[in-house]
Amino acid sequence: MSRQKTWKRGLATLLLATCAGTAAGCSNMSTTQQRTLSGGAMGAAGGAIIGAIAGNAGLGAAAGAGAGLIGGYAYDQYEKSKQSSYQKGYAAGYQKGAQQ
């Protein structure tokens, strides 16, 4: 087997193991932690790709990870706010129905 095929196979195996480990590792995390971590990982991956095109994958990954962490946390807060509003509306409707 050529060196390039061996390298690609090793990289694919590492990527698969990393994904499996990440999925299993998130089971004991809160939703805020999961969303923040996922945002950071996706941001790092996107930043690394853009950074590699621009010439510095490491800097791109670091910038992407920071942006992803912030984005993941902001998304979590939005989802929690949406759920809270739903629960308040549900409770108000339930009370109104119980009074009639």
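If you go through segment 64-86 and pick out every residue that is over 15 Å from the mean Cα position of the chain (by Cα) and buried (at least 17 other Cβ atoms within 10 Å of the Cβ), you end up with 0. Residue under question is residue 41, and the condition is that it be at pLDDT 90 or above, out of contact with any Pro (no Cβ under 9 Å at 6 or more places or on another chain) and among the hydrophobic types (A, V, I, L, M, F, W, C); does it hold? For residue 41, the condition - at pLDDT 90 or above, out of contact with any Pro (no Cβ under 9 Å at 6 or more places or on another chain) and among the hydrophobic types (A, V, I, L, M, F, W, C) - is met.
The values are calculated or read from the model by the stated rules, or taken from the named source; none is laboratory data. Bear in mind that the values here come from a model prediction, so they are computed numbers and not experimental data. Note that each Cβ is placed from the backbone with ideal geometry, even for glycine, and that neighbours are counted across all protein chains shown.
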